[in-house]
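The values are calculated or read from the model by the stated rules, or taken from the named source; none is laboratory data. Since the structure is predicted, the reported quantities are computational estimates derived from the model, not experimental observations. A quick note on method: Cβ atoms are made from the backbone with ideal geometry, for glycine too, and the neighbour counts reach across all protein chains shown.
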Amino acid sequence: MSDVGRLVQILGNIKADEIYHLAAQSHVAVSFDTPIQTNDTNAMGTLRLLEAMRMLGMDRTTKFYNVNTDPQSTMSGIFVVLIYLQACSSEVFGSDMPAPQTEETPFHPVSPYAVSKQFQYWITVNFREAYGFHASNGLLFNHESPRRGTTFVTRKITTQVALIACGQLDSFQLGNLDAVRDWGHAKDYIQGVYLMLQQPVGGDYALASGQAHSVRDFVEAAFRVIGVKIEWSGAGLDEVGVDSVSGKIRVKVNPDFYRPLDNQNLLGSAAKAKRVLGWTPTYTFEALVEEMVLCDIEAVNTGRIFSNSNLDWVVGESQNAESSDNGIMSHGHKKGSARLNPFDEVQTLAVNDEGSSDGAEKISLTEVRSETELAT
């Protein structure tokens with residue numbers, strides 16, 4: 001994303017039917033430490049990609065997506081239609097915007113990551129209006145799955161709960177328990193993104209579950225999967241989550257895991273996507289958490305997750321562990337369908353007990369940093 005010449009070469013060679021721009025430095029907390037790199041990759045990287053498309057004349061034959069989606073190529077006469085989608089983030093809304101947030105809500109980014117995403121959004125709109133690009137923005141609220149990286153708060157919680165369930169851990173630490181997010185399942189959001197790109201013209205859409213849950217709620221739901229009820233005691237930095245039966249402290253608060261600035265209440269409305277795209281999420285919050293915890297328990301039992309280690313997952317595609325529905329690759333389970341284990345796809349696990357690889361955030365699985373991030 002830092003070399004426009006290389007982008008021109010790649011785009012000219014592959015003759016893509018659709019472009020789904022998901023590349024980003026996606027950690028909010030990391031962006032405070034690396035604001036220049038974050039904005040060079042996210043903001044300027046998007047501009048380089050759009051400009052490479054324009055230089056190749058793809059603005060006349062291409063659709064561009066600036067959000068998360070799954071591609072399906074279309075042909076019109078002799079022209080290849082390339083869809084470009086830009087992955088934006090609900091982080092652009094900031095902390096002070098009234099809920100629910102929609103496509104019309106003003107932006108007020110509170111992190112370098114969110115600032116970079118606001119640039120991505122507006123430069124995509126500009127290329128759509130100035131150059132006639134078929135370009136779409138997706139404002140995706142938090143979307144999770146068992147494939148979520150272990151440095152994000154949802155997977156941090158589910159891996160720790162899995163370790164506790166398997167007797168390999170006593171407790172773990174989090175930051176801001178009161179941060180509120182709108183969490184949905186990545187499979188639902190991929191379907192929504194796909195639908196965006198099937199429209200006759202580009203547009204901007206918010207995808208959200210419409211339900212708000214705090215980090216505290218996520219913790220409680222994860223423990224319920226393993227039959228443990230968490231009760232909270234104390235307040236502020238002294239608050240702890242206690243197993244109501246055994247009396248053991250399972251969750252502690254660590255001030256080091258707070259962000260310099262944090263969005264307190266992100267809650268979205270997908271009314272436009274439902275009306276225009278016919279999109280409706282299928283996963284409940286509880287079903288999402290259950291799937292993630294059960295998959296992590298399986299990973300612990302097979303030695304793919306264990307305590308006091310830093311993990312790098314290299315996930316490849318499996319020919320027999322996936323199903324395809326209208327071009328959408330799916331894992332896990334929907335209501336009424338069999339559960340598939342996404343960890344069946346893990347091909348390589350690199351374990352480094354001393355630290356993560358260059359450029360990666362170091363994390364001990366026994367100390368969980370509360371980073372409610374967007375995925376994609």
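Filtered by the rule that a residue be polar (S, T, N, Q), closer than 22 Å to Gln191 by Cβ and in a helix (DSSP H, G or I), the stretch 121-169 gives Thr124, Thr154.
If you go through the stretch 204-247, how many residues are of a type in the set (Asp, Glu), surrounded by fewer than 14 Cβ atoms within 10 Å (Cβ to Cβ) and under 18 Å from Glu290 (Cβ atoms)? Show your work before the answer.
Residues of the stretch 204-247 that are of a type in the set (Asp, Glu), as a first pass: 204, 217, 220, 231, 238-239, 243.
Narrowing further to those that are surrounded by fewer than 14 Cβ atoms within 10 Å (Cβ to Cβ): 231, 238.
Still in the running and under 18 Å from Glu290 (Cβ atoms): none.
Total meeting the criteria: 0.
Could we say that Leu11 is over 14 Å from Ile123 (Cβ atoms) and modelled with pLDDT under 90 here? Spell out how you get there, then give the answer.
Details: over 14 Å from Ile123 (Cβ atoms): yes; modelled with pLDDT under 90: no.
No: the conditions fail for Leu11.
Can you tell me which residues in the stretch 162-185 are small (Gly, Ala, Ser) and closer than 14 Å to Leu266 by Cα? Across the stretch 162-185, the qualifying residues are Ala179, Gly184. As for the stretch 50-62, it holds at least one residue that is at pLDDT 90 or above, of a type outside the set (Gly, Ala, Ser), on the phi < 0 side of the Ramachandran plot and surrounded by 24 or more Cβ atoms within 10 Å (Cβ to Cβ).
Does the stretch 265-279 contain any residue that is crowded, with 22+ Cβ neighbours inside 10 Å and in a helix (DSSP H, G or I)?
Let us first name the residues in the stretch 265-279 that are crowded, with 22+ Cβ neighbours inside 10 Å, namely 266, 268, 270, 273.
Subsequent filtering for residues that are in a helix (DSSP H, G or I) retains 273.
Yes; the residues of the stretch 265-279 include at least one that is crowded, with 22+ Cβ neighbours inside 10 Å and in a helix (DSSP H, G or I).
For beta carbons closer than 7 Å, sequence separation of 6+ or different chains, a first residue in the stretch 30-43 that is farther than 21 Å from Asp256 by Cβ and a second that is small (Gly, Ala, Ser) and surrounded by fewer than 20 Cβ atoms within 10 Å (Cβ to Cβ), the qualifying pairs are Asp40/Ser2.
Looking only at residues of the stretch 188-228 that are touching a strand residue (DSSP E or B) at 6+ places or on another chain (Cβ under 8 Å) and β-branched (Val, Ile, Thr), we find that the one that is farthest from Tyr283 (Cα to Cα) is Val201. The combined condition, being more than 22 Å from the chain's Cα centre (by Cα), among the hydrophobic types (A, V, I, L, M, F, W, C) and crowded, with 20+ Cβ neighbours inside 10 Å, is fulfilled by Val253. Within the stretch 186-208, at least one residue is part of a helix (DSSP H, G or I), touching a residue at least 40 places away in the same chain (Cβ under 8 Å) and aromatic (Phe, Trp, Tyr). Taking the stretch 111-136 as the range and being crowded, with 19+ Cβ neighbours inside 10 Å and touching a Lys or Arg at 6+ places or on another chain (Cβ under 9 Å) as the test, the residues that pass are Ser111, Phe127, Phe133, His134, Ala135, Ser136.
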